[in-house]
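The values are calculated or read from the model by the stated rules, or taken from the named source; none is laboratory data. Because the structure is a prediction, the values reported are computed rather than measured. Using ideal geometry, Cβ is built from the backbone for each residue, glycine included, and neighbour counts are taken over all protein chains shown.
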Amino acid sequence: MRIGRRATLAGLMGLPALAEAQDTTAVVRDLARRATIYLFPVYEMYRARWRATVDESNPQRQRLNRFRHVPTLADPRTRDVTTPNSDTLYSSAWLDLSLEPLFLTVPPVGDLYYSYAFVDLFTNNFLVVSNRLKGNGLATHMIVGPKWNGDAPGDVTLVRAPTTSAWLLGRILVDGPGELDRVRILQNRVLLETPDMRNERRILETGELMRFRTQAPPEPVADWPAADPGVPFDLFDIGMRALGESPLPERDRPLFESLAPLKLKPGRRFDQRAFGDAERRAIRAGMEQGHADIRAAAGRGRTIDGWTYGERHLGNFGDDYLYRAATALTALGALIPGEAVYVSCAVDADRRPLSGAQRYTLTFSADRLPPARAFWSLSAYEVTPEGRAFFVDNPIARHSIGDHTPDLTRDADGSLTIYIQRERPQGERAANWLPAPGGPMRLVLRAYQPDEAMRDGRYRVPAVRRNSSR
C-alpha cells in the first residue's frame with residue numbers, strides 16, 4: 001500500500017496528522033506548531049554558540065575553532081547550558097568547518113574517563129572520541145565540513161560533519177578533590193588544531209612537513225546577531241539564518257516542504273508582511289503551542305518508580321523531532337547511550353512532585369549499585385519555569401554524589417543510602433548528603449560507559465522516598 005504524503009509527514013513529526021480544515025488560520029497555526037518543534041534545537045544551538053563566541057558581556061567569550069577549557073567543576077554559576085554535570089571538567093569549542101579541516105588529538109590520560117563529543121547543528125552526536133573506543137593510545141581525528149573535498153593524512157581518522165557548524169564538548173572525570181590540578185593539565189594537552197597549527201607543531205617536533213596543506217584561509221569570524229526569545233518570530237528568524245549556513249538533511253526535506261505555506265526560507269528572515277493580522281496571530285499561537293508541546297515532552301520515556309529512562313536514540317534522534325526538541329530544552333549536548341545513560345526523576349515513590357521543602361532518601365542495596373564501567377553519580381537541580389535545570393548554592397558546595405565521592409558510609413547490610421534535603425542531616429548521615437534546592441527539584445542519575453543492563457533498561461533505579469526523620 002502506498003503511504004500518502006500527509007501520513008508520511010505525520011510519522012516524521014511523531015505528532016497527529018494535520019486535520020483537514022477550511023480555516024486558513026487553523027492550518028497556519030498547526031504548521032507554526034510543527035515548525036517550532038523542528039527548529040527549536042537549531043535555535044538552542046545558535047543561542048549557545050552566540051553566548052560563547054559573540055556576547056561581549058560574557059567574560060569567557062572564546063574564538064571559533066578554539067577550545068575553552070573550563071578549569072572548575074560546574075556550579076550554580078554555570079548557566080550557559082542546562083543540566084550540567086559536576087563530575088567532569090568541560091572543554092568546549094564551537095566549530096566553523098566552512099573554510100578548512102580541524103584536527104582533534106587526544107593524548108593518553110591514564111585510566112581516567114574522558115569523552116569528546118561532536119554535536120551537529122541539529123543536536124545529533126556524529127562522533128564521540130572516548131577511552132571506551134580508543135583506550136589510552138594517541139588518537140587523532142580530522143574533522144571536515146560537508147562541502148570539503150580532499151584526502152586525509154594516513155595517520156588520522158577522517159570524519160565528515162553533516163553540518164558546517166558544530167559543537168565539540170569534552171569531558172574528563174575529576175576522580176576526587178585532589179585530582180583537579182592533574183585533570184587541568186590533561187585538559188590542556190588535548191589539541192584542537194587548524195592545518196597550519198598542526199603543521200607548525202609537527203615541524204618543531206619531528207621536522208616533518210605536512211604535504212596536503214596549501215594556502216591558509218582567513219580565520220572565521222563570529223558576527224551573528226543575538227537571539228532574543230522575547231521578540232515575536234525570533235525562533236523563525238534565527239532558525240532560518242542557522243539553516244542558511246548548513247545543508248538541510250535529506251531526511252528532513254519532505255517535512256520542510258510541508259511548511260511551505262509559512263514561507264520559511266533558509267538564509268532569509270521570516271517574512272511577517274506576507275500574512276494578515278489574523279494569520280500572524282495564528283502563527284504566534286501555534287508557536288506557543290509548539291513550546292508547550294516541547295515542555296510536555298520533557299519527561300518523555302519509560303517511567304518506572306518515578307524514574308524516567310531515556311530513549312535508545314538519545315543523541316541520534318533520526319526523525320523523532322519532538323524528542324529532539326525536548327532534549328534540547330532539558331539536556332542540550334547529551335551523550336549517546338553507549339557513552340552515558342541519563343535517568344531523571346521529578347516525583348517520589350508516591351508520585352508527589354519533588355521539592356526541596358521535603359526530605360528524601362534513595363537507597364541502593366549492596367548488590368544493586370548503578371552498573372557503570374567508568375563511574376556513576378546523582379545530581380540535584382532546581383527547575384526553572386521554562387523546564388531548564390541548574391545547580392543552586394549549598395553549604396558544602398556539593399552538587400553530585402556517586403561512586404567517586406570520598407568517605408561515603410554504608411548501612412550495616414552494605415546498602416548505600418543517600419539523603420536528599422535542604423538542611424544538613426544529623427550525625428553520620430551528613431557524609432551521604434546531597435543538598436537540595438529550595439523549590440521544585442529534578443534528580444538526574446548518570447552512568448558513564450554503562451553496562452548492558454543499564455543501556456537496555458533492565459537495571460532499575462530505586463524509588464525516591466519522602467523521609468520524615470532527620
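Going by what's in this entry, would ASP367 be described as touching a strand residue (DSSP E or B) at 6+ places or on another chain (Cβ under 9 Å), over 25 Å from PHE118 (Cα atoms), outside the structural domain of PRO84 (by TED's automatic domain parsing) and not in a strand (DSSP E or B)?
no
Among all residue pairs at least 6 apart or on different chains, which show Cβ distances below 9 Å where the first residue, located in the range 277-303, is closer than 30 Å to GLY457 by Cβ and the second is at pLDDT below 95 and among the aromatic types (Phe, Trp, Tyr)?
Matching pairs, first to second residue: GLY301/TYR309; ARG302/TYR309; THR303/TYR309.
Say we look at the range 106-140 and pick out the residues that are assigned to a loop (DSSP other than H, G, I, E, B) and among the aromatic types (Phe, Trp, Tyr); which of these is nearest to ASP96 (Cα to Cα)?
If we take residues in the range 106-140 being assigned to a loop (DSSP other than H, G, I, E, B) and among the aromatic types (Phe, Trp, Tyr), then PHE122 is nearest to ASP96 (Cα to Cα).
Just checking, which of ALA285, ALA297 is surrounded by 14 or more Cβ atoms within 10 Å (Cβ to Cβ), outside any strand (DSSP E or B), among the hydrophobic types (A, V, I, L, M, F, W, C) and within 17 Å of the chain's Cα centre (by Cα)?
On inspection, the qualifying residue turns out to be ALA297.
LEU416 - would you say it is within 30 Å of ALA298 (Cβ to Cβ), surrounded by fewer than 21 Cβ atoms within 10 Å (Cβ to Cβ) and not assigned by TED's automatic domain parsing to the domain that holds ASN85?
Judged against the criteria, LEU416 is a match.
Kindly indicate the residue of the range 141-184 that is small (Gly, Ala, Ser) and outside any loop (DSSP other than H, G, I, E, B) and also modelled with the lowest pLDDT among those meeting that condition.
Only one residue fits best here, namely GLY178.
In the range 385-400, which residues are exposed (fewer than 13 other Cβ atoms within 10 Å of the Cβ) and within 17 Å of the chain's Cα centre (by Cα)?
none
Return the residue satisfying two criteria in turn: it lies in the range 369-384 and is of a type in the set (A, V, I, L, M) and within 20 Å of ARG132 (Cα to Cα), and of such residues it is surrounded by the fewest Cβ atoms within 10 Å (Cβ to Cβ).
In this case the residue turns out to be ALA372.
Filtering the range 185-199 down to residues that are under 18 Å from VAL129 (Cβ atoms) and not in a loop (DSSP other than H, G, I, E, B), which residue is modelled with the lowest pLDDT?
It comes out as ARG198.
Out of ALA26, ALA17, ALA32, report the one residue that is modelled with pLDDT of 95 or more and either more than 16 Å from the chain's Cα centre (by Cα) or in a loop (DSSP other than H, G, I, E, B) (or both).
ALA32
Across the range 48-81, what is the number of residues that are of a type outside the set (A, V, I, L, M), assigned to a helix (DSSP H, G or I) and crowded, with 20+ Cβ neighbours inside 10 Å?
2
Go through the residues of the range 420-429 one by one and say whether even a single one is in contact (Cβ under 8 Å) with a residue 24 or more places away in the chain and in contact with an Asp or Glu (Cβ under 9 Å, 6 or more places away or on another chain).
No, there is no match, as no residue in the range 420-429 is in contact (Cβ under 8 Å) with a residue 24 or more places away in the chain and in contact with an Asp or Glu (Cβ under 9 Å, 6 or more places away or on another chain).
With the structure loaded, tell me whether TYR342 is hydroxyl-bearing (Ser, Thr, Tyr), under 22 Å from ARG460 (Cα atoms), surrounded by 18 or more Cβ atoms within 10 Å (Cβ to Cβ) and at pLDDT below 95 or whether it fails that test.
No; evaluated as a whole, the condition is false for this residue.
If VAL156 satisfies every condition in (1) touching a residue at least 12 places away in the same chain (Cβ under 8 Å); (2) under 30 Å from ASP319 (Cα atoms) but one, which is the exception?
Condition (2) is where VAL156 drops out.
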